[in-house]
Amino acid sequence: MFSRRIAMAMLFAMLMSALTVAPAAAAKPSKPPPAQLEERPLTPEEQAQSDAKVAAANAYLASVAASGADLVTLNCVTPTAAEPTAESTTPSTDASTDGATTQACYVPQGFITVYARDQAYGHYCGPAVGQVIANYSWAVASTVNKYSQGTIAGWMGTDANGQTTAEWMEAGLERATAGAPRRPANWNWVITNVRDYNGNGGTGDEVFSYLRSNISGSKMPLAIPVKPHASGALYWLASWPRAVASVGHWIAAYGWVGVYSGTSYSRLYFTDSSKDEGGSTGKFYNSVLSIAWMISRHTGRLVW
C-alpha cells in the first residue's frame, strides 16, 4: 500500500509538471507575413480610364500654372522638415492640424478634411483606408463611420486574400462611395501605373500631378500602397520609425504643400492606421519625392 501511495504521488507530480510547462511548450513563433499577391495587368478598359484621368490631371495642372496661382510671395519662409531617410531618422508628422501653412505668405497647397482610423486587424490597412475615404465622401461626423471595416473588407476581398490589391481596393472604393454627396459626378475610381512618362528619371512629378489634381481639383483622397519601412530602404513613412517585414501597406493621401520641383520640398499628407502593427495611427507627411520612391519600389500603382 505504501509503495502504491508513492507511485500515485509520483504520477501526480509528473502530471502537475506537464501542466505547468504546457503553455511554454505550446508557444508558437510569430506568424510571418503572407506572400505578396501579384498585381494583375490592367485591362484595356482600365488602361483607357487611367490614361484619361492622367490627361485630365495634366490639363488641370497646366491651367493652374497658366493662371499664375503657383507664384509664391517673396516673404515666404521655405518649409523645412527632417525627411525620414537612411541619413535621418527624425520623423515628420502633423497630428494636430490638416497641415495648412500660414506664415505671413502663401505657399501653394491643398487639403481636404479627413479623420484617421485605426485598422481592426493586422491585414486591414486597406479597409481602414477605405473607411477614411468613405467617411469623407459621405461627410459623416469625425467620430462616425459610414461602414464598418468588416463590411469594406468584404467588398475588398481582404479576408479571402489575406491582403488588399489595387484591383480590390478600386472595387471596394466604388462600393463604399457610390452615391456619396462628395463624390463628383461621373467619378470613377481608377488604378494607375505610376511611370516616368516625361523621361526625367523619376516619378515624383507624376505623383504630384495626381495628388494635386485629386485633392485640389476633384476634392477627393487617394489610396496609395507602399512598403512602409523596408530594411535598408532609402526612404520610409514618417509613421513607421522602425523597419518591418511587410507585404505592403495602404495610406490615404489628403493634402499637399509646395509645388514639386524634383527635391524633397513638396509634401504629401496622409493618414495611417497602424499603431498596433509597428507603425502609428494619425496624420503625417512625407516628401512627395519619398512617396514616389516608395511606390516605385512596391507595386508601382495607386488608386485615385
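No lab work stands behind these numbers, since they all come straight from the coordinates. Not measured: the values here are computed from a predicted model. So basically every Cβ, Gly included, is an ideal-geometry build from the backbone, and we count neighbours across all protein chains shown.
Assorted remarks:
- Ranked V244, V144, criterion: other C-beta atoms within 10 Å, fewest first: V144, V244
- Straight-distance crosslink candidates among aspartates and glutamates, where the alpha carbon sits under 19 Å from K219 and sequence neighbours closer than 8 are dropped: D70, D98, E170, E174, E206
- The charge dipole of region 85-303, taken about its Cα centre with unit charges on the Cβ of Lys, Arg, Asp and Glu (plus for the first two, minus for the last two), comes to roughly 280 debye.
- Remark: H249, H229 ranked as H229, H249, counting other beta-carbon atoms within 10 Å and listing the fewest first.
- Hz values of 3J(HN,Hα) by residue in region 256-263 - Karplus curve (6.51, -1.76, 1.60), Gly and Pro given as x: 8, 9, x, 6, 5, 9, x, 10
- Each residue, E38 and D159, gets one label point 7 Å from its Cα in the Cβ direction; the gap between the two is 2.8 nm.
- Packing-based exposure ordering (other Cβ within 10 Å, fewest first) of D272, D118, D70: D70, D118, D272
- Translational D in µm²/s for region 85-303 (Stokes-Einstein at 10 °C, 1.306 mPa s, Kirkwood Rh from C-alpha pairs): 92
- Cα-based Rg / Dmax (Å) for region 246-304: 11.9, 35
- Label point distance in nm, Y106-Q47, each placed 7 Å from Cα along Cα→Cβ: 4.1
- Sequence-ordered 3J(HN,Hα) estimates for region 42-54 from the Karplus curve with 6.51, -1.76 and 1.60 and θ = phi - 60° stand at 5, 6, x, 5, 5, 5, 5, 5, 5, 4, 5, 6, 4 Hz, glycine and proline given as x.
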